Amino acid sequence: SITRVLTITIAGPEPVMIVTEQLPIGVQGLAYEAMLESTGGVGPYTWGVTEGALPEELALDPATGVISGTPVALGTSQITVVVVDRDSNTDSKTLMLDVIPAPLVVVTEELPPGEYDMPYEASLEAAGGIPPYTWSVFEGNLPDGLALDPASGAISGIPATAGDFTLTLRATDSALVTADGVVTLKLVAPPL
């Protein structure tokens, strides 16, 4: 009879390792969600931030590794995340999370109607970008008697003519990004 000695090696799981290489960019004021991913180790896993801090209003779910929320502040955050498996094996990685401004848009689509030779006032609104905004008339002309305040976006004065006016108004943010909006202004003669 032949006797053989056999050696059986039972390998444990691969070491736990974070495989997320970068986080998606966040947009100020918009919902954000990103999932951190790992391989190896033995679940369940626990996630955390060991250095740095997530942008304001974002949080990391320790059970799922999901970063979510609605960022309010612009900028870049450097964070070190850690994953811990069931057997207390760990891995950590430093990641960057950028929060950029929402795209600049002109919100005002229509100006309130006014009357010829009567005081008129309206305000323009924009959103996104990096305030403060500067306003200008890009195409068309304001009716005689009306003026646009570039700092506040207020249109005011006493119109010297009646009619329908179509204008392209431009908002420029502090990073010199521009957005245009086409608006109409109806000025009527006062009733007799």
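Using the 1.4 Å probe convention, the accessible area of region 75-192 works out to 55 Å² per residue with neighbouring protein chains retained. Values of log10 I(q)/I(0) for region 97-192 across q = 0.16, 0.18 Å⁻¹ run -0.63, -0.76, by the Debye formula with one identical scatterer at each alpha carbon and no solvent. If you roll a 1.4 angstrom probe over the protein chains with everything in place, what fraction of the accessible area of the chain belongs to carbon and sulfur, to the nearest %? Here carbon and sulfur together make up 54 percent of the probe-accessible area.
Between region 39-75 and region 126-178, the C-alpha centres lie 43 angstrom from each other. Counting heavy atoms of the protein chains alone, Ser38 has an accessible area of about 40 Å² for a 1.4 Å probe. Rounded, prolate or oblate: which one fits region 32-171, using the alpha carbon gyration tensor with axes a ≥ b ≥ c (rounded when a/c is under 1.5, else prolate when a/b beats b/c, else oblate)? Prolate is the answer for region 32-171, as a/c is 1.5 or above and a/b outweighs b/c. Nearest 5 percent is fine: what portion of the DSSP beta bridges confined to the chain is antiparallel? DSSP beta bridges in the chain are roughly 90 percent antiparallel.
The values are calculated or read from the model by the stated rules, or taken from the named source; none is laboratory data. Everything quoted here is computed from the prediction, not taken from an experiment. Note: accessible area is taken over every heavy atom of the protein model, side chains too, but ligands, DNA and RNA are not part of it. Shrake-Rupley method; radii C 1.70, N 1.55, O 1.52, S 1.80 Å.
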